[in-house]
Amino acid sequence: MRPADLFRFARDAATGYPVRTALSVLAMAIGVAAVVLLTALGDGARRYVVGQFSSLGTNLVIVLPGRTGTGGFNPATAITNTPRDLTVDDAAAIKRAPAVQRVAPLTVGTSEISTAGRLREVMVAGTTHDYFAIRGFVTAQGTPLPDEDWNRGASVVVIGAKIREELFGNDAAIGQLVRIGDRRVRVIGVLKPVGQGLGMNTDELAIVPVSLAQALFNTNTLFRVLIEARSRDAIPAAREQALAVLKQRHRGEEDVTVITQDAVLATFDKLLGALTLAVAGIAAISLAVAGILVMNVMLVAVTQRTGEIGLLKALGAPARTIRLAFLSEAAMLSAMGAVLGYLLGQAGAFVLRQLFPVFPAYAPNWAVIAGLGTALGTGLLFGYLPARRAARLDPVQALMKH
Amino acid sequence: MALIQLAGICRRFQLGDTTVNALADLNLQIDAGDYVAVMGPSGSGKSTLLNLLGLLDRPDAGHYLLEGRDVTTLSPDEQAKVRSQRIGFVFQSFHLVPRLTAAENIALPMTLAGIAPAERERRVAQALKDFSLDHRADHKPDQLSGGQRQRVAIARATIMQPPLILADEPTGNLDRHTGEEVVHLLEGLNARGVTLIVVTHDPAMGARARRQLVMEDGHLKQDSAGHAPG
Ligand SMILES: Nc1ncnc2c1ncn2[C@@H]1O[C@H](COP(=O)(O)OP(=O)(O)OP(=O)(O)O)[C@@H](O)[C@H]1O
Ligand SMILES: [Mg+2]
């Protein structure tokens, strides 16, 4: 039998029993749609988290005061107990390490910001010029913090978009004096609005020189030191060098924690990747169920069409042709289901993206290929048994069933 | 040489504890171009004989030579090929595929044999004309009368131009008038050289054949050709 004729024969047979065909196509479609949609969700979550982490800055190494995490038992810290402060001078020392491109010390606290009778709570970040470059902050108006001596910062502030709006409304903000705590500072820049991200919302942030913030909060220690390595490959070196510098400055004690964005990212990446895989696995079970349904449908088809099979044999069809005819029909049902499910799944992911624009709900390619492949594979696998049964029917017996 | 030679053919069916000898040591020769009616009471083995002749069934013992070639030892696929090219079947209950049109049903043996669409179309068009089905080409079987259905079935049986046509009670589901039409068609084929073997319960129809075989309990009880009944 010619392939085109085989195809037409299988198609006519499938459309000859619309309810049965629709049911198995639907089952297959639901299975594939589940794979596409669930992996879109899982992978979307992974991408969202990875994206948020990446927005913290690239090639980032972060120093935290105190030893946390799973560093094991360290007798030195066990005795001294209270960690040494992480200071602006520490940060400046790190800046000289060869693998380090930029360094920004960071101190944070909350204070009040006011001008012309308007007042509100504000998150104050004390840092330096390079912080903007490391975090990728861009000013909508004015300039970032000036590049100056870290210990003698000017009395200036860069404010978030929302702060600007609340304090100044439609008036110009650049050059205006505002009061933060007990200091009077001049507004030199306004950040571009970005909305909610992971961590701080920069729209409600006030950024001042680190020395000013330390004086404001009456502290010497830093909240973080942000380090930008020279390249992605230099991240481990930057981490080692920063650790070495601090250990030396802290009299041989390793009393800081250095985390790399890469490590955090890799952990999340792996975790959410595994989650996606698990979800895909669960969805694949529904595909197997759909495959069994296709098998049942085809077994019913063989029983219903026993007389026809006998006739085909009488007309000279070899066993192979009959097997192929039924296998093609099973393949057609699963292929139609797979395509329909793919479209449904993609449509579902599209709706998700419309509802939650920040959430990148795209099904990964591997999941789409695996889903479609499994659908066709199970269809053929489970279609084989009925096809073989049809091909083995005794023609005389089959012809009597009419 | 005879078209069909049967020697010592046995076909037994096991029904619980009892063995039914549907065909018992049957010897028979049928010449090419002959017109044979097979008659006999119900259960005498007529259909079993026809199924064996059509290679739909295998004998438990004996040899069957078709055109001088032993076909009992062929593989199933080789037998399928013989059915496709050498044998046409006409059934009592027509056996048309309900979802296919008359034209598609007629073309089915050619489709299965992998004949090119253009050639199929040409032969189907001719067959539709020969069997006066021109205006029914696109009708499904349930839109056809019984006589038209059997005409489609006969057209299908002849479309591969086989030398042998086997018909098992071809008029059994038709009224007398349409039955006669169908018989005329089959006799027309025979007139053009096709060997025709018809199983029938109708003595009048049986009498029209050149040779009558009467079966009883799996034996040949009577053979009008005068060969020694086996
Ligand atoms: N598949 C089968 N299993 C068991 N017994 C069978 C089978 N097919 C035929 N028989 C038996 O073989 C014998 C011959 O059957 P066959 O169908 O050839 O009779 P027939 O002459 O065609 O009868 P009818 O005129 O009723 O069609 C009968 O006794 C029947 O019961
Ligand atoms: Mg019979």
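In summary, residue B:58 fulfils each of the numbered conditions (1) touching a strand residue (DSSP E or B) at 6+ places or on another chain (Cβ under 8 Å); (2) over 18 Å from residue B:202 (Cβ atoms); (3) more than 16 Å from ligand 2 (Cβ to nearest atom) with the single exception of condition (1). Which ranges mark the strands (runs of 3 or more DSSP E) fully within region A:131-181 that have 2 or more residues being touching a residue at least 24 places away in the same chain (Cβ under 8 Å) and surrounded by fewer than 21 Cβ atoms within 10 Å (Cβ to Cβ)? It comes to A:139-142, A:177-180.
For residue B:92, the conditions (1) within 21 Å of the chain's Cα centre (by Cα); (2) away from chain A (no Cβ under 12 Å) are fulfilled apart from (2).
Taken over region B:101-135, the criterion of being at the interface with another protein chain (Cβ under 7 Å from one of its Cβ atoms) and out of contact with any helix residue (DSSP H, G or I) (no Cβ under 7 Å at 6 or more places or on another chain) is satisfied by B:114 alone.
Among the conditions (1) within 14 Å of chain A (Cβ to nearest Cβ); (2) assigned to a loop (DSSP other than H, G, I, E, B); (3) within 16 Å of ligand 1 (Cβ to nearest atom), residue B:161 misses just one, which is (3). Filtering region A:363-383 to residues that are buried (at least 17 other Cβ atoms within 10 Å of the Cβ) and aromatic (Phe, Trp, Tyr) leaves only A:382.
Going through (1) within 14 Å of chain B (Cβ to nearest Cβ); (2) within 25 Å of residue A:3 (Cα to Cα) one by one, residue A:396 falls short only on (2). Of the numbered criteria (1) polar (S, T, N, Q); (2) in contact with a Gly (Cβ under 9 Å, 6 or more places away or on another chain); (3) within 14 Å of another protein chain (Cβ to nearest Cβ), the one residue A:374 fails is (3). Across region A:380-402, the number of residues qualifying as charged (D, E, K, R) and either within 15 Å of residue B:50 (Cα to Cα) or within 16 Å of ligand 2 (Cβ to nearest atom) (or both) comes to 1. If you go through region B:196-214 and keep only what is within 13 Å of ligand 1 (Cβ to nearest atom) and part of a loop (DSSP other than H, G, I, E, B), you end up with B:200, B:201, B:202.
Residues are listed down the side, and each one gets a yes or a no for (1) outside any strand (DSSP E or B); (2) of a type outside the set (A, V, I, L, M, F, W, C):
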site	(1), (2)
B:132	yes, yes
B:138	yes, yes
B:149	yes, yes
B:155	yes, no
B:165	no, no
B:170	yes, yes
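The residue list B:74, B:56 contains one member that is surrounded by 15 or more Cβ atoms within 10 Å (Cβ to Cβ), away from ligand 1 (no atom under 16 Å from the Cβ), within 14 Å of chain A (Cβ to nearest Cβ) and assigned to a loop (DSSP other than H, G, I, E, B), which is B:74. Would you mind stating whether residue A:393 is assigned by TED's automatic domain parsing to the domain that holds residue A:326 and at pLDDT 90 or above? Yes, satisfied. Of all residues in region B:32-51, those satisfying the criterion of being surrounded by 14 or more Cβ atoms within 10 Å (Cβ to Cβ) and either within 13 Å of ligand 2 (Cβ to nearest atom) or without any contact (Cβ under 8 Å) to a residue 60 or more places away in the chain (or both) are B:38, B:39, B:40, B:43, B:44, B:45, B:46, B:47, B:48, B:49, B:50, B:51. Given the structure, is residue A:355 surrounded by 14 or more Cβ atoms within 10 Å (Cβ to Cβ) and either touching a helix residue (DSSP H, G or I) at 6+ places or on another chain (Cβ under 7 Å) or of a type outside the set (Val, Ile, Thr) (or both)? For residue A:355, the condition - surrounded by 14 or more Cβ atoms within 10 Å (Cβ to Cβ) and either touching a helix residue (DSSP H, G or I) at 6+ places or on another chain (Cβ under 7 Å) or of a type outside the set (Val, Ile, Thr) (or both) - is not met.
The values are calculated or read from the model by the stated rules, or taken from the named source; none is laboratory data. The shown structure was predicted, so the numbers you read here are calculated from the model rather than taken from an experiment. Positions of Cβ are backbone-derived with ideal geometry, glycine not excepted, and every protein chain shown enters the neighbour counts.
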